[in-house]
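K.L.:
One structure coming up, written as structure tokens, with questions to follow.
The values are calculated or read from the model by the stated rules, or taken from the named source; none is laboratory data. Every value quoted in this text rests on a predicted model; they were computed, and no experiment measured them. For neighbour counting, all protein chains shown are included, and Cβ atoms are generated from backbone atoms with ideal geometry for every residue, glycine included.
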Amino acid sequence: MPRPYVLLSAAVSLDGCLDDTGPERLVLSGPADFDRVDEVRAASDAILVGAGTLRADNPRLLVNSAERRAARAATGRPEYPLKVTVSGSGDLDPALNFWSTGGEKVVYTTDLGVAKATAALRGLGVDVVPVGPALDWQAVLEDLHDVRGVRQLMVEGGGLVHTQLLQQGLADELQLALAPLVVGEPDAPRLFGPGGYPGGVRNRMRLVETRPVGDVVLMRYVPTAPGAGELASAADRHWLETACDLAAQCPPSRTAFSVGAVVVAADGTELARGYSRESDAVSHAEEAALAKLDPADPRLATATVYSSLEPCARRASRPAPCARLILDAGVRRVVTAWREPDTFVASADGSGLLAAEGADVVVLPEYEERAAGPNRHLLRAAGEQGGPGEQGE
């Protein structure tokens, strides 16, 4: 399912609190960080907060800089990003700042909450969208992407929303402003709640940036733990992008495609990577990556293989095709960008071979173009309109 890039944004205390328990909102950031947040808002297509945050904080969620609003308008976008909230009950106060400021707004609610939300917001020009018997984040993100054209979604809370998106593997990035104070109250609201998270307690996210912003420290993290089964996570997209980048490192060939592959453990640890013709003239990407691992490594049983093209089901150069190598290694989950066409082998079906022996195969076709980049010469020569395969050597 194509969906927006989901960015979780929050300011937290040193002990992970979003606020204290007092009647007034605890200010964790300073002017420099407020301006940074304003910049991220201006770069986003939509800003989302939960209904609980609306009730507690009564935010406006605006782009405050006139220059940034003008820059958005100059590119044909509305001055303000779409404002989004979610409410299971539909219990929404029409007097809140959220409804009377900024541009367009949308509410996602349940089948039971839609009537109540519609009645409360009548006359305010707010779109109320039911997403089923319970709040379904997949449905919310699909509607934002497909119906409203949202490509980057900034999520500003609260803790329950952040927790749900991270637990469901739907957060692409975390931007945390760490404030130099300790709240210390056991009942204070925290950024993330208890429960199961992708990869479990051993999952370490990847730090992509850290810098001071006034008296707070900005830390940007991206998740690394693969999804489960056929459900794609934000980390699956990251690792498939890595595989596509590896394809560009392949020595050029006129008789075989350039492919990249990465093997990742369930906790997000990268186990190995490889690319076509890395070790010799006929080696395949998955083959090169798996060859770097101990076949007895217990992590392989719950690992995911990411390949920019579907693992081959037949090949002329070696006895075992890549789909068979993956199965023999004990791996039972594969994420790829597209299915192999008939470029070199007619009716190849690596995904079918994998699925027939119990492996989950996830195809993310939105990465087809990226993976095809290093192979354009072969596609032009063959007159192919579809995606390439890896066969040929």
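K.L.:
For residues that are among the hydroxyl-bearing types (S, T, Y) and either without any contact (Cβ under 8 Å) to a residue 40 or more places away in the chain or out of contact with any Asp or Glu (no Cβ under 9 Å at 6 or more places or on another chain) (or both), scanning just the stretch 181-235, find the one that is nearest to Q164 (Cα to Cα).
P.N.:
Y197
K.L.:
Within the stretch 170-192, how many residues turn out to be out of contact with any Leu (no Cβ under 7 Å at 6 or more places or on another chain) and either more than 24 Å from D57 (Cβ to Cβ) or small (G, A, S) (or both)?
P.N.:
2
K.L.:
Within the stretch 1-10, which residues are part of a loop (DSSP other than H, G, I, E, B) and surrounded by 16 or more Cβ atoms within 10 Å (Cβ to Cβ)?
P.N.:
R3, P4, listed by residue number.
K.L.:
Let me ask another. Looking at the stretch 42-56, can you tell me whether even one residue there is within 16 Å of G103 (Cβ to Cβ), touching a helix residue (DSSP H, G or I) at 6+ places or on another chain (Cβ under 7 Å) and charged (D, E, K, R)?
P.N.:
No, the stretch 42-56 contains no residue that is within 16 Å of G103 (Cβ to Cβ), touching a helix residue (DSSP H, G or I) at 6+ places or on another chain (Cβ under 7 Å) and charged (D, E, K, R).
K.L.:
Now for a separate question. Could you check V107 against (1) touching a helix residue (DSSP H, G or I) at 6+ places or on another chain (Cβ under 8 Å); (2) in a loop (DSSP other than H, G, I, E, B) and say which number it fails?
P.N.:
(2)
K.L.:
Is at least one residue of the stretch 291-299 touching a residue at least 12 places away in the same chain (Cβ under 8 Å) and closer than 18 Å to L378 by Cβ?
P.N.:
Scanning the stretch 291-299, I find no residue that is touching a residue at least 12 places away in the same chain (Cβ under 8 Å) and closer than 18 Å to L378 by Cβ, so the answer is no.
K.L.:
Need a quick list: strands (runs of 3 or more DSSP E) entirely within the stretch 132-220 having at least 3 residues that are loosely packed, with under 13 Cβ neighbours inside 10 Å and modelled with pLDDT of 95 or more. Please lay out each step first, then the result.
P.N.:
Working: elements: 152-155, 173-178, 206-213.
Ranges flagged: 206-213.
K.L.:
Please tell me if L54 is outside any loop (DSSP other than H, G, I, E, B) and crowded, with 16+ Cβ neighbours inside 10 Å.
P.N.:
Considered against the rule, which asks whether it is outside any loop (DSSP other than H, G, I, E, B) and crowded, with 16+ Cβ neighbours inside 10 Å, L54 comes out as yes.
K.L.:
Got a sec? Which of V37, V6 is more than 17 Å from the chain's Cα centre (by Cα) and of a type outside the set (F, W, Y)?
P.N.:
V37
K.L.:
Would you be able to tell me the number of residues in the stretch 251-268 that are over 18 Å from R332 (Cβ atoms), buried (at least 24 other Cβ atoms within 10 Å of the Cβ) and either modelled with pLDDT of 95 or more or not polar (S, T, N, Q) (or both)?
P.N.:
Qualifying residue count, the stretch 251-268: 4.
K.L.:
If you take the residues in the stretch 118-131 that are of a type outside the set (V, I, T) and part of a strand (DSSP E or B), which one is surrounded by the most Cβ atoms within 10 Å (Cβ to Cβ)?
P.N.:
Ranking the qualifying residues of the stretch 118-131, first place goes to P130.
K.L.:
Looking only at the stretch 41-51, which residues are crowded, with 18+ Cβ neighbours inside 10 Å and either in a loop (DSSP other than H, G, I, E, B) or among the hydrophobic types (A, V, I, L, M, F, W, C) (or both)?
P.N.:
Scanning the stretch 41-51 gives A42, S44, D45, A46, I47, L48, V49, A51.
K.L.:
Keeping to the stretch 302-346, report how many residues are among the hydroxyl-bearing types (S, T, Y) and at pLDDT below 95.
P.N.:
2
K.L.:
Just give me the residues in the stretch 261-316 being more than 16 Å from P251 (Cβ to Cβ), over 19 Å from the mean Cα position of the chain (by Cα) and among the hydroxyl-bearing types (S, T, Y), in sequence order.
P.N.:
T302
K.L.:
Report, by residue number, each residue of the stretch 81-131 that is without any contact (Cβ under 8 Å) to a residue 40 or more places away in the chain and closer than 21 Å to R69 by Cα.
P.N.:
K83, N97, W99, S100, G103, E104, K105
K.L.:
Can you tell me which residues in the stretch 11-36 are aliphatic (A, V, I, L, M) and surrounded by fewer than 20 Cβ atoms within 10 Å (Cβ to Cβ)?
P.N.:
L14, L26, V27, A32
K.L.:
While we're looking at this one, here's another question. For A329, are the conditions met, namely being among the small types (G, A, S), free of Cβ contacts under 8 Å to residues at least 40 places away in the same chain, within 23 Å of S233 (Cβ to Cβ) and in contact with a strand residue (DSSP E or B) (Cβ under 7 Å, 6 or more places away or on another chain)?
P.N.:
no
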